[in-house]
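Down below is the structure, laid out as structure tokens.
The values are calculated or read from the model by the stated rules, or taken from the named source; none is laboratory data. Everything numeric here is computed off the predicted structure, so don't read it as measured data. FYI the Cβ positions are ideal-geometry reconstructions off the backbone, even for glycines, and counts take in every protein chain you see.
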Amino acid sequence: MLPYTIHRYPELWDEPERFEPERFTPERIAERHKYAWIAFGLGQHKCLGKDFALMEAQLILAVLMQRYWVEAVPGRVAEPELSGTLRPKAAYGSRSHHAGKGSAGTGTVYRPIAIKRDAAGCVYLTRGIY
């Protein structure tokens, strides 16, 4: 059972490919089948780290959004690649900039950074756009 296909199944989701965070409000969750969203698995095979992962993701995102500005790269679309995990087929379709200090009186300067994946698949932030 692939969560990717369940999460995009038209009989469970209206417009499954559309980004709609409101799908996860308590009222909308109560309306749908309890196994329509299984990001962390089910039953005895459920991920033990679910609560920690959700908390960690919120904290990391909050810190990154305070320090970086993210924008879409025109003409680039992230296409999914299915493997053991879901990842983009090619380079990410976004660009991010570190909010650095400008020279006296000039305000904030944005220095380019990039999200890069090494040969082992690990993702990290680095200076420069690749």
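Table for the structure above
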| read-out | value |
| --- | --- |
| Residue match in the stretch 37-48 (condition: surrounded by 12 or more Cβ atoms within 10 Å (Cβ to Cβ) and of a type in the set (V, I, T)) | yes |
| Some residue of the stretch 49-59 being assigned to a strand (DSSP E or B), surrounded by fewer than 13 Cβ atoms within 10 Å (Cβ to Cβ), free of Cβ contacts under 8 Å to residues at least 24 places away in the same chain and not hydrophobic (A, V, I, L, M, F, W, C) | no |
| Counted residues, the stretch 10-36 - those being free of Cβ contacts under 8 Å to residues at least 24 places away in the same chain, under 20 Å from T85 (Cα atoms) and surrounded by 10 or more Cβ atoms within 10 Å (Cβ to Cβ) | 1 |
| The stretch 10-53: number of residues that are within 20 Å of the chain's Cα centre (by Cα) and on the phi < 0 side of the Ramachandran plot | 22 |
| From the options I38, I29, residue that is part of a loop (DSSP other than H, G, I, E, B), outside the structural domain of A78 (by TED's automatic domain parsing) and among the β-branched types (V, I, T) | I38 |
| Test set (1) modelled with pLDDT of 80 or more; (2) part of a strand (DSSP E or B); (3) not β-branched (V, I, T) - Y124 fails condition number | (1) |
